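See below for the structure under consideration.
Laboratory data are not the source of any read-out in this text; all were calculated from the coordinates shown. Worth saying up front: this structure is predicted, and the values here are computed from it rather than measured. Every residue, glycine as well, gets a Cβ built from its backbone with ideal geometry; the counts of neighbours run over all protein chains shown.
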Amino acid sequence: MNCNHYIPLIGLFIACSAGPLYAAPPAANDEGVTVTPVQAVLNTQAETAAQRDARMKWWREAKFGMFIHWGIYSVLAGSYQDKTSYGEWVMQQARIPVDEYRRFGQKFNPVKYDPAEWVRIAQGAGMRYMVITSKHHDGFALFPSTVSNWNVAEATPYKKDLLGPLVGAAHDAGLKIGFYYSQSQDWNNRGGAKKGYADGEGWDPAHRGSYDNYINDIAVPQVRELLTRYPIDILWWDTPMFMTPERVEPFLALKKLRPGLISNNRLGGGPSDMATPEQYVPITGRKGDWETCMTMNGHWGYNAYDTNWKSTTDLIHTLAETCSRGGNLLLNVGPTAEGKIPTESVERLHEIGRWIQINGDSIYGTTAGPFTYLAWGCATRKGDTLYLHVFNWPANGRLVVPLNNKVKSAYLLAAPKQKLKVTSTHGKLVVELPVTPPDAFDSVVAMQIQDEPIVEPLPSASATVKASSTLNGTDASYVNDGTEDKLWRAPAEIKVAFLDIELKQATAIGGFGIAEPDVWPRMNQVYTLEYLDATGWHKVAEGRTIGHGVKRPIPVITAKKFRLTMECNAGSPGVAEFQLYGI
Ligand code: JFZ
């Protein structure tokens, strides 16, 4: 979907960070401590850090899951009237009236649905959990529901529950499984939120109704149905709109029905177990637990016309990079209305699975690697072992690792018995590799080191950053504070602005990274990176972003002063983090 068609509802939408997303009126608890109403609920469930670690253990080790977007939109297969660019948002994007949309329910008959086969596909890819849409924004429940007849049992010829069999099949195979549930947006049940519309409004008179009634009569009871009927492991909220502490509270209370349940940061308040960067891997990772969710082509819901499939190479690199920055990857499939996962997805998942059979040690149970940037790939870590993911095999067979440690052993996961020779020069390691890579996608070297990894800080970490102009409340110095939480933005009316980055001394630079503000609609910016030498400013990189930032190499240049110019046509330019990488 192209999010730029949406009217931003500032403040109503998600911020992709863990932690409370609203300010609640304060109240005093028994100990006389001032708490918000939601915190008061939490205090009754107070969980210690050790209990939380125990609850999160399987998820942190799993690293890789399957997202499934499935519903009535799958019937339209991406097309409506003269356009073929739709996915799961088709009903809102094309402003389809409720009656007309509901008639597509009669064409949703997934007779080829075989939950055990979906589980085999996920498990074959090395995925350790699944998350399926139990109800997306179109309000359609993939489970029988007593509170709305807009559900699979009553509104389709299939007439049977879709979720129970998948939960059973996943658990039988040893996979965890969770439900996505759109708690705020609902375009079919009266009063549900719609992006760009006020409470109670919509594009069809059949939408009229109060949001509070929708929350109390539909969303809360349906979440109760889900949590009492199915032994699920994850609850994945989405697009919080109109959420207040009072509206969040009943959902938080229901979570107690499933001790051990893990939930994301899109409820709109209360505690969260993970941040949810969407369609990109943040260059700095995120504080705490996080999960990037991503499509394999350009749509979440099935679109028969979208042939823009990511390559298996890209997908494996994304998985490795996500793990190298400490996150999980939730990779999406959009099954057809017949119940089949598209062949293009199955093929890619199969290839990922073949790679993971050999290289799984470098994924499961890993934590972030010690490097921010490696010109040839990325690195994950498990205890004293670093897993070096070599995307670009060195032509001379010498892999330079910017690490100043003693090495105990090194070998390729594809050939564990052959020890690799490692030497040390100028505070860096050189691993001697065979001439040809053992894997076309990503060959992994396991390297056991002594002591904690010793890595040079980023050249840009100690730089002085100044901006051509700055929006109140933001600051140029936030772009090299090490996190994407705080950002720099130009004042509202500005379209082109620049950051001057002055390093402590002239340094050889071989790459750079830009993180952008995590806002909807996504920022689209044109960036230009220049450096200064005796003859003036010289351009070293330029390109466009789609709000997901960029991380890439440049021809090596040595300089002290850099200038990053950002141009943004919708809203003022902004940068959440900027990094310059040494060589
Ligand atoms: C949300 C959903 O809307 C989308 O359909 C999909 O389920 C994805 C995983 O999560 O993504 C968003 C969230 C916010 C906006 C657009 C898509 N937005 O504000 O425009």
query = Can you pull the three principal axis extents for the Cα set of region 322-453, in Å, largest first?
reply = 59, 29, 25
message = If you wrap a convex hull around the alpha carbons of region 64-151, what volume per residue comes out, as a whole number of Å³?
response = 122 Å³
query = Trp290's amide H: which non-local residues (gap 5+, or another chain) put their own amide H closer than 5 Å, with H modeled 1.01 Å from N in plane and none for Pro or chain starts?
reply = Ala275, Asn328
ask   = Scanning the chain for helices, which whole DSSP H stretches are 20 Å or more long along the axis (Cα) and average -1.0 or more by Kyte-Doolittle?
value = 343-359
key: Separation of alpha-carbon centers, region 286-326 and region 554-583, rounded to whole Å   = 25 Å
request  = Two decimals is fine: what's Rg over Rh for region 259-328, C-alpha atoms, Kirkwood radius as Rh?
outcome  = 1.03
key: Amide H partners (placed H, <5 Å) of Ser443, local residues excluded   = Val390
note = Restricting to Cα pairs under 8 Å and 6 or more apart, the percent relative contact order of the chain works out to 13 percent
task = For the pairs Lys195/Lys340; Lys486/Lys539; Lys107/Lys159; Lys194/Lys256; Lys382/Lys408; Lys421/Lys551, note any where the Cα-Cα span goes beyond 19 Å.
result = Lys195/Lys340; Lys486/Lys539; Lys194/Lys256; Lys421/Lys551
task = Please order Cys323, Cys378, Cys568 by the number of other Cβ within 10 Å, starting at the fewest.
result = Cys568, Cys378, Cys323
key: Calculated Rg and Dmax of region 78-221 using C-alpha coordinates, Å   = 16.3, 47
request  = State which entries of Lys287/Lys561; Lys112/Lys135; Lys135/Lys310 exceed 25 angstrom in Cα-Cα distance in the structure shown.
outcome  = Lys287/Lys561; Lys135/Lys310
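Starting from the alpha-carbon convex hull of region 157-290, give the projected area averaged over all orientations, in nm².
Approximately 10.3 nm², given one-decimal rounding.
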ask   = Which values, in whole Å and largest first, are the semi-axes of the equivalent ellipsoid of the chain obtained as the square root of 5 times each eigenvalue of the Cα gyration tensor?
value = 41, 29, 24
inquiry  = Defining a contact as two alpha carbons under 8 Å apart and six or more residues distant in sequence, what relative contact order in percent does region 127-220 show?
reply    = 26 percent
message = Once the cut-off is 24 Å, how many percent of the Cα-Cα pairs in region 402-496 end up in the long-distance tail?
response = 51 percent
note = Here D for region 243-394, in µm²/s, from Stokes-Einstein with a Kirkwood Rh over Cα pairs at 4 °C and 1.567 mPa s, works out to 74 µm²/s
query = So for the chain: antiparallel DSSP bridges make up what percent, rounded to the nearest 5?
reply = 70 percent
Vicinal HN-Hα couplings computed from phi for region 65-80 (Karplus, 6.51 cos²θ - 1.76 cosθ + 1.60; Hz; Gly/Pro x) = x, 9, 9, 10, 9, 9, x, 5, 4, 4, 5, 6, 6, x, 10, 8
key: ³J(HN,Hα) computed for each position of region 492-503 - Karplus, 6.51 cos²θ - 1.76 cosθ + 1.60, integer Hz, glycine/proline x   = 3, 7, 7, 10, 10, 8, 9, 10, 9, 10, 10, 6
query = Put a dot 7 Å past each Cα toward the Cβ at Gln448 and Glu502; how far apart are the dots in nm?
reply = 4.9 nm
request  = Give me the Debye-computed log₁₀ of I(q)/I(0) at q = 0.23, 0.28 Å⁻¹ for region 366-430, equal point scatterers on Cα only, no solvent, two decimals.
outcome  = -1.21, -1.72
